[in-house]
Amino acid sequence: MDGAFTALQALHQRYAQRTPVLPPVAAEEPTWSGAAIGIAGVPLVIAHGDVDTVIALPPLTRIPGTCNWVLGVAAHQGELLPVFCGDTLFAERLSPGRRREYCLVFRQPGLHFGVTLSHVRGNITLPLAERSSAMPLEGLLAECCDGGFQRGEEFLGLLDGARLLASGALADTSALPADPVEEAVP
Amino acid sequence: MSQTVLLVVVIVLLIAQGLTGFLLWQARRGAGAAGGADEGVLVALRRLADGDLTARAESAAPATAAIAEQLNTALSRQRELVSELRVPFEGLAAELHKLGKNSLGHSETSAGMGRQLEEVKSALSREVQAAEDMTSISKQAREAMGRHRQLVSRGQTLATDMARASSDVRESMQETSKSAKRQGELIQSVTTAAEYIQSLNTRISVVAINTRIEAERAGEHGRPFLGIAEAIGDLLREAEEEGRKITSEVRMLQNLSAENLNSLEHTVGAVVTILEFVERIDASLEDINHGAAYLLDQVDSLGNTTQQSADTVRRLHGLLGEVREQNRALREGAEATQQGIATLQQTLSTLGRNLARLRVDSAGSALNV
């Protein structure tokens with residue numbers, strides 16, 4: 001009986017020695033996923049949850065009396081979609097010649113609009129270790145970004161829809177003065 | 001002529017003197033034979049023998065009267081002859097004196113001419129040497145010009161070959177330029193295709209983003225869309241990577257093609273410039289060749305002229321030698337003439353002294369030489 005246990009023990013030890021050790025399970029690095037886009041040539045990322053959709057720039061209808069960054073309204077999924085020029089709104093410059101082809105559609109409570117994109121990179125997954133609270137961007141983009149990711153020498157600003165709404169940049173789209181130009185009829 | 005006359009007169013005088021002596025000898029002989037000669041005739045004959053032509057024979061004897069008369073006639077004629085002989089004798093002496101002076105002047109002139117001829121001879125010798133040197137230089141210049149023309153001809157041949165080669169290079173470059181342009185068009189087409197692929201990638205990216213958005217919006221039910229979105233994302237990344245490579249390489253090709261085309265155009269321009277230069281070089285060589293031919297003609301003409309000049313100088317040299325010989329003969333003739341004149345003067349002097357002993361009048365001698 002002892003011999004059998006001894007034999008089994010030896011067999012166990014032998015297999016224990018020959019069997020390769022299981023590879024250690026690498027701890028999954030916490031990551032962040034979103035969409036990589038560009039506005040006015042500035043590389044940005046945005047969470048999928050903040051985006052309604054990305055569409056090709058639809059035909060637009062100009063709206064008189066609006067700011068120059070309001071390109072017009074378009075028909076989108078049975079609704080009217082205001083489309084803003086990302087170059088003019090965020091970089092305060094006109095679109096650099098080439099017509100923008102895509103726009104990012106935001107759908108926030110009480111606000112539904114599109115912003116033209118300078119480029120679309122696609123989905124991106126970034127390690128949270130690269131998350132940075134520094135803000136090398138300037139202007140409205142710095143105000144609308146919640147930090148970003150530092151990838152080598154490239155900084156990807158994290159565009160936040162809530163900050164964009166909170167900035168008040170989209171509060172007034174009228175280019176006319178607040179006071180009426182015409183005098184009231186007596 | 002005057003010398004001949006003078007000699008004839010002297011000979012006549014000598015004959016007359018001999019005749020007188022002969023008559024005197026016969027008279028003495030007749031007187032001796034007669035036993036009693038006429039004293040007057042004898043005295044006259046004695047005086048005549050002493051050279052006194054003024055003597056006069058007188059005889060009363062019939063035998064000697066005729067002799068005396070003839071003797072007186074002969075003496076009279078001799079006196080006249082001697083008197084007439086004076087003027088030509090003096091003229092002859094004066095002419096001889098002038099002739100001697102002229103002969104001396106001729107001799108001196110001939111000696112001076114001989115010296116001048118020697119100088120001319122040495123000058124002509126130098127001229128001959130200079131002409132020969134010039135001929136030699138002309139010959140060397142002709143040979144040099146011939147070599148120069150050969151070099152120019154070779155340069156023209158090289159220029160022609162170079163122009164032909166440049167023309168071939170230009171045509172080849174133009175063909176290559178056309179190929180490069182066609183290549184550029186193809187690259188442009190590929191670039192357009194690559195840009196279209198890039199656009200497709202962007203559109204796929206948009207689809208992937210929207211799929212992910214819809215999957216997250218669908219919650220638990222949208223998990224399959226997450227896998228699809230991930231797969232699309234992976235494919236997209238690979239496509240984007242390859243697309244970027246293609247785009248980058250196509251752009252490099254485009255840049256290289258543009259540089260090659262630019263280089264080809266520069267090369268064609270350089271070849272055209274080279275062709276222009278070659279044409280200018282050819283024209284310059286042609287001008288040089290014409291100039292060399294003209295120079296060669298001039299050198300030939302100069303050589304011929306120099307040769308003719310040398311021949312002329314040689315002939316002058318030969319003629320000068322003859323002139324020198326003639327001048328020497330003239331000088332020798334003048335010296336001989338001087339000697340003859342001196343001898344003649346001496347003879348005339350002797351003759352004058354002899355004639356001076358003849359008295360033609362009571363005042364003195366017949367000739368005063």
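The values are calculated or read from the model by the stated rules, or taken from the named source; none is laboratory data. Owing to the predicted nature of the structure, the values given are computational and were not obtained by experimental measurement. With ideal geometry, Cβ positions are generated from the backbone for all residues, glycine too; neighbour counts draw on all protein chains shown. Heavy atoms of the whole protein, side chains included, go into the accessibility calculation; ligands, DNA and RNA do not. Shrake-Rupley method; radii C 1.70, N 1.55, O 1.52, S 1.80 Å.
Calculate the mean, over all residues of peptide B:212-220, of how many other protein chain Cβ atoms lie within 10 angstrom of the residue's Cβ.
Mean partner-chain Cβ count within 10 Å for B:212-220: 3.
Over 29 Å, how big is the tail of the calculated P(r) for the protein assembly as shown, in percent of all Cα pairs?
Cα-Cα pairs in the protein assembly as shown separated by more than 29 Å: 79 percent.
Over the Cα atoms of the range B:208-261, Rg to Rh with Kirkwood Rh, two decimal places?
Result for the range B:208-261 is an Rg/Rh of 1.39.
State in Å² the accessible area per residue of chain B; use a 1.4 Å probe, count heavy atoms of protein chains only, and round to the nearest integer.
For chain B, the solvent-accessible area averages 64 Å² per residue.
Over the Cα atoms of the range A:31-167, Rg to Rh with Kirkwood Rh, two decimal places?
Using Cα coordinates only, the ratio equals 0.96.
A:Asp52: net charge of surrounding residues, Cβ under 14 Å, Lys/Arg +1, Asp/Glu -1, itself excluded?
Here the charged neighbours net out to -1.
A plus B alone minus the pair: what accessible area, both sides summed, probe 1.4 Å, in Å² to 100?
It comes to approximately 1200 Å² buried between A and B.
Which percent of Cα-Cα pairs in the range A:13-71 sits in each 5 Å bin, short to long?
The distribution over the range A:13-71 is 4, 10, 11, 12, 12, 10, 6, 5, 5, 5, 5, 5, 3, 2, 2, 2, 1, 0, given as percents.
Starting from the amide H of A:Cys67, placed 1.01 Å from N in the peptide plane, find each other amide H under 5 Å away whose residue is 5 or more places distant or on another chain.
A:Ser174, A:Ala175
Taking only the Cα atoms of the range B:174-235, how large is their convex hull per residue, in Å³?
It is 49 Å³ per residue.
Can you give me the Kirkwood hydrodynamic radius for chain B, using every pair of distinct Cα atoms, in Å to one decimal?
35.5 Å
Ignoring ligands, DNA and RNA, what percent of the 1.4 Å accessible area of the range B:152-218 is carbon and sulfur?
It is 55 percent, rounded to a whole number.
Please work out the C-alpha center-to-center distance from the range A:113-157 to the range B:106-135 and express it in whole Å.
Here the two parts' Cα centres lie 118 Å apart.
Could you work out which residue, out of B:Ala231, B:Ala49, B:Ala93, moves most in a Gaussian network model of chain B, that is, has the largest mean-square fluctuation with Cα springs under 10 Å?
So, out of B:Ala231, B:Ala49, B:Ala93, the one fluctuating most is B:Ala231.
Please compute the volume of the convex hull spanned by the alpha-carbon atoms of the range B:289-369 and report it per residue in Å³.
Taking the convex hull of the Cα positions in the range B:289-369, it is 91 Å³ per residue.
Would you mind telling me which residue in B:Pro88, B:Pro224, B:Pro62 has the biggest mean-square fluctuation in a Gaussian network model of chain B, where springs connect alpha carbons within a distance under 10 angstrom?
Maximum fluctuation in the GNM of chain B, among the listed residues, is at B:Pro224.
So what does B:Met162 come to for accessible area, using a 1.4 Å probe and Å² rounded to 10?
Approximately 100 Å² for this residue.
Taking every eigenvalue of the Cα gyration tensor of the range B:137-272, multiplying by 5 and rooting it, what semi-axes result, largest first, whole Å?
The equivalent ellipsoid of the range B:137-272 has semi-axes of 71, 11, 8 Å.
Hey, in the GNM for chain B with a 10 angstrom Cα cutoff, which one of B:Glu322, B:Glu216, B:Glu69 fluctuates hardest?
Comparing B:Glu322, B:Glu216, B:Glu69 in a Gaussian network model of chain B, the most mobile one is B:Glu216.
Can you work out the accessible area per residue across the range A:31-167, with the rest of the protein chains kept in place, probe 1.4 Å, in square angstrom?
Result: 44 Å² per residue.
Looking only at the protein assembly as shown, where both bridge partners belong to it, what percent of the DSSP beta bridges are antiparallel (to the nearest 5)?
85 percent
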